[in-house]
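Data block below; observations after.
The values are calculated or read from the model by the stated rules, or taken from the named source; none is laboratory data. The shown structure was predicted, so the numbers you read here are calculated from the model rather than taken from an experiment. Note: ideal-geometry Cβ built from the backbone for every residue, glycine included; neighbour counts use all protein chains shown. With ligands, DNA and RNA removed, areas are computed over all heavy atoms of the protein, side chains included. Shrake-Rupley method; radii C 1.70, N 1.55, O 1.52, S 1.80 Å.
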Amino acid sequence: MYSLGNGFVAKECAPAVAWGALAEYSFARLTQEAEDKYVIQVHGNLWYELSPPR
């Protein structure tokens, strides 16, 4: 998760939190950024990056 509240420094969170934000906000968008990287963009100050476990 990247947000204004954490200074846009990556903060780990459960995938369910990101998927919940996508479901909660009608304006949130899911995009594929790379073969194994997806982004849920809620707004300019909040987004989630999703990738397979390492």
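Taking residue 20 as the residue in question, decide whether it is open to solvent by 50 Å² or more (accessible area, probe 1.4 Å) and not hydroxyl-bearing (Ser, Thr, Tyr). In short, no. For the range 26-40, the criterion of being at negative phi and aromatic (Phe, Trp, Tyr) is satisfied by at least one residue. Pairing each residue of the range 42-54 that is at negative phi with any residue that is small (Gly, Ala, Ser) and open to solvent by 70 Å² or more (accessible area, probe 1.4 Å), provided the two are 6+ apart or on different chains, yields C-beta distances under 9 Å for 45/5; 46/5.
For residues that are of a type in the set (Asp, Glu) and part of a loop (DSSP other than H, G, I, E, B), scanning just the range 23-39, find the one that is least open to solvent (accessible area, probe 1.4 Å). Going through the qualifying residues, I end up with 36. Summed over the chain, residues that are out of contact with any strand residue (DSSP E or B) (no Cβ under 7 Å at 6 or more places or on another chain) and of a type in the set (Lys, Arg) total 2. Only a single criterion out of (1) open to solvent by 60 Å² or more (accessible area, probe 1.4 Å); (2) outside any loop (DSSP other than H, G, I, E, B) is not satisfied by residue 42, namely (1).
Of the residues making up the range 2-22, just one is modelled with pLDDT of 95 or more, assigned to a helix (DSSP H, G or I) and more than 12 Å from the chain's Cα centre (by Cα), namely 4. Cβ-Cβ distances below 6 Å connect the following pairs, each with a first residue in the range 1-18 that is more than 13 Å from residue 39 (Cβ to Cβ), a second residue that is part of a loop (DSSP other than H, G, I, E, B) and open to solvent by less than 60 Å² (accessible area, probe 1.4 Å), and a separation of six or more residues or different chains: 11/1; 13/1.
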